1. Would you confirm whether any residue within the range 479-499 is closer than 30 Å to Gly247 by Cβ and β-branched (Val, Ile, Thr)?
2. Name the strands (runs of 3 or more DSSP E) wholly inside the range 360-479 in which the number of residues that are under 28 Å from Leu202 (Cα atoms) and within 14 Å of ligand 2 (Cβ to nearest atom) is 1 or more.
3. Restricting to the range 67-84, give me the number of residues that are in contact with a strand residue (DSSP E or B) (Cβ under 7 Å, 6 or more places away or on another chain) and over 18 Å from Ala46 (Cβ atoms).
4. Name, by its number, the condition in (1) surrounded by 15 or more Cβ atoms within 10 Å (Cβ to Cβ); (2) among the β-branched types (Val, Ile, Thr); (3) at pLDDT below 95 that does not hold for Ile295.
5. Evaluate the following for Ser163: is it closer than 18 Å to Asp93 by Cβ, small (Gly, Ala, Ser) and buried (at least 20 other Cβ atoms within 10 Å of the Cβ)?
6. Which is hydrophobic (A, V, I, L, M, F, W, C), more than 21 Å from Asn84 (Cα to Cα) and crowded, with 20+ Cβ neighbours inside 10 Å, of Ile475, Ile457?
7. For Gly456, are the conditions met, namely being farther than 30 Å from Leu256 by Cα and either at pLDDT below 95 or within 16 Å of ligand 1 (Cβ to nearest atom) (or both)?
Amino acid sequence: MQTIYDTFQSVAGLMEAKPLFRRPGQPDISYAETRDLAERLATVLAGLGVRPGDRVAVQVEKSPEAIALYLATLHAGAVFLPLNTAYTGAEIDYFLGDAAPRLFVCSPDMLAAHAHRAGDALAVETLGSAADGSLMDRAALAQPSDAPHPSGPQDRAAILYTSGTTGRSKGAVLTHGNLASNPDALVEAWRFTASDVLIHALPIFHTHGLFVAANMVLTTDASMIFLSKFDGPQALELMREASVLMGVPTFYTRLLKTPGLDRDAVARMRLFVSGSAPLLAEDHRAFEEATGHAILERYGMTETCMIASNPYEGARIPGAVGMALPGIEIRIACRETGRALPAGEIGLIEVRGPNVFEGYWNMPEKTAAEFRADGFFITGDLGMIGPDGYLRIVGRDKDLVISGGYNVYPKEVEEAIDDLPGVLESAVIGLPHADLGEGVTAIIVPRAGGTLDPEGIAAALSGRLARYKQPRRVILADELPRNVMGKVQKAELRRAYADIYN
Ligand code: MLC
Ligand code: AMP
């Protein structure tokens with residue numbers, strides 16, 4: 001197996017001067033420059049005491065240098081742990097406590113908030129989006145590191161935290177084998193080549209932006225137009241010089257509202273990919289009508305990287321996520337028995353293959369609970385495989401809201417709300433939202449005789465939960481609907497408030 005770093009290194013050696021990063025209004029950055037920075041950062045990591053297997057936690061703005069830091073971590077044989085820039089101090093406390101990294105890298109403007117964390121066991125350094133920060137200062141003085149640490153397929157490469165149904169986030173541990181297996185399958189499946197220019201507008205602290213979009217470019221000698229965030233008109237303009245866009249469904253919802261989206265504007269584009277949340281079939285059709293391009297929808301998960309994809313050649317069916325990628329097995333199983341169900345029946349989507357993660361960091365019981373004895377991972381998504389062989393996701397067995405491609409576990413938000421004075425109990429649900437797909441919504445029951453102010457609740461949550469997890473709307477209620485077992489009936493709440501955003 002070639003690790004992502006090995007492949008990047010050989011690709012960079014072949015095409016040193018080729019631009020890897022293109023940025024509007026800023027100079028290009030080549031493969032050779034990125035490799036050189038990664039090698040110098042690898043020396044810096046070693047100097048800071050980072051050894052193979054150590055975690056490097058990173059909460060920084062998106063930048064080419066942040067990608068170089070990711071590559072440097074792989075070069076050093078350490079474990080890359082990217083964190084959403086939206087996480088609050090309280091959330092960071094948990095991740096650093098749980099993962100016990102050797103190094104925490106934050107933005108220069110956040111150093112004052114995090115400096116107190118530094119000690120014998122943890123170094124704190126900075127990296128800014130203007131190629132600034134203490135890591136860059138150190139890299140400028142460092143020699144490039146020699147050969148990368150020889151990592152095997154079972155060695156750990158990254159930890160990505162995903163929220164948990166119990167309210168505690170779980171660190172999904174991905175190996176070098178996991179990371180390498182995905183671009184291998186996707187490059188072929190999506191006909192990705194060195195001639196491609198990808199519009200990269202996703203965050204780089206998640207599977208989609210880092211392990212799909214960036215890794216595909218890094219391992220094929222392609223280029224990416226690297227944008228700090230998604231902006232519809234800017235993306236449309238850039239399509240005149242790009243060939244591929246990878247996005248969450250909100251990108252497409254917003255593009256459909258962007259004036260000028262027509263066949264001419266996308267004439268140079270060859271592929272539009274959507275994933276991380278369900279793409280509305282009506283958006284799929286409207287996009288094809290406007291541009292002549294059928295969006296290629298695929299399905300994945302932090303724990304499994306990409307699982308299934310609509311075909312490059314052949315029908316890209318609205319509302320379906322296609323077939324298993326090469327080397328990956330998908331089965332639809334009965335939740336209770338784990339037995340495979342016949343085609344056409346709805347059950348749990350289970351996955352096995354080189355893409356499936358090692359397990360949850362320091363959580364052997366949770367890991368065991370989500371794998372079958374024969375090695376299949378239970379995704380928690382409900383699906384069926386039709387007579388056409390295409391997988392369709394029909395719902396979720398897990399209590400999860402996906403807002404603009406970000407996962408929000410209701411339990412975590414409910415616990416934060418229930419801790420507030422004056423709250424008796426709460427239920428958090430996702431409701432249809434035209435822009436974000438689902439809007440996080442809290443239904444809150446005040447304590448007897450008390451009053452609650454929805455704005456006060458929002459303010460109280462802001463220091464505790466990342467903005468995207470905070471309810472877009474708070475609804476006060478006298479009680480929550482329950483079944484005879486006392487379980488809150490979220491389906492009933494979803495029906496009752498279905499139209500509040502649209
Ligand atoms: C930002 N905000 C969000 C939000 N993103 N709120 C809810 N859900 C989101 N997804 C907040 C902002 O902090 C801001 O707060 C307010 O909402 C308005 O922001 P905005 O300007 O509309 O948001 P924007 O910055 O344009 O971001 C929206 C977005 C972005 C959809 C472009 O969230 C995004 O890039 N999402 C992609 C997520 C992703 O990569 N997921 C992949 C996971 S991997 P305020 O306070 O100003 O109101 C995975 C596996 C797989 O799932 O299969 O791929
Ligand atoms: P995450 O844990 O952030 O990686 O999110 C993974 C979840 O996103 C999956 O379990 C699915 O519920 C959802 N998901 C990803 N891609 C799709 C898709 N194309 N359609 C529907 N849901 C998707």
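1. Taking every residue of the range 479-499 in turn, none turns out to be closer than 30 Å to Gly247 by Cβ and β-branched (Val, Ile, Thr).
2. Numbers: elements: 377-385, 391-396, 401-403, 406-408, 423-433, 437-446, 473-476.
Ranges flagged: 377-385, 391-396, 401-403, 406-408, 423-433, 437-446.
3. Filtering the range 67-84 for residues in contact with a strand residue (DSSP E or B) (Cβ under 7 Å, 6 or more places away or on another chain) gives 69-70, 73-74, 78-83.
Next cut, over 18 Å from Ala46 (Cβ atoms) only: 82-83.
Total satisfying the criteria: 2.
4. With respect to (1) surrounded by 15 or more Cβ atoms within 10 Å (Cβ to Cβ); (2) among the β-branched types (Val, Ile, Thr); (3) at pLDDT below 95, Ile295 is out only on (3).
5. Details: closer than 18 Å to Asp93 by Cβ: yes; small (Gly, Ala, Ser): yes; buried (at least 20 other Cβ atoms within 10 Å of the Cβ): yes.
So Ser163 passes the test.
6. Numbers: Ile475 fails: crowded, with 20+ Cβ neighbours inside 10 Å.
It is Ile457.
7. On the way: farther than 30 Å from Leu256 by Cα: yes; either at pLDDT below 95 or within 16 Å of ligand 1 (Cβ to nearest atom) (or both): yes.
Yes.
Yes or no, residue by residue, for (1) farther than 15 Å from Lys62 by Cβ; (2) at pLDDT below 95; (3) in contact with a Phe, Trp or Tyr (Cβ under 6 Å, 6 or more places away or on another chain); (4) within 16 Å of ligand 2 (Cβ to nearest atom):
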residue: Leu186; (1), (2), (3), (4): yes, no, no, yes
residue: Arg191; (1), (2), (3), (4): yes, no, yes, no
residue: His206; (1), (2), (3), (4): no, no, no, yes
residue: Leu227; (1), (2), (3), (4): no, no, no, no
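The values are calculated or read from the model by the stated rules, or taken from the named source; none is laboratory data. Note that the structure is a prediction, hence the values are computed from the model and not measured. No Cβ is skipped: glycine too gets one built from the backbone with ideal geometry, and neighbour counts run over all protein chains shown.
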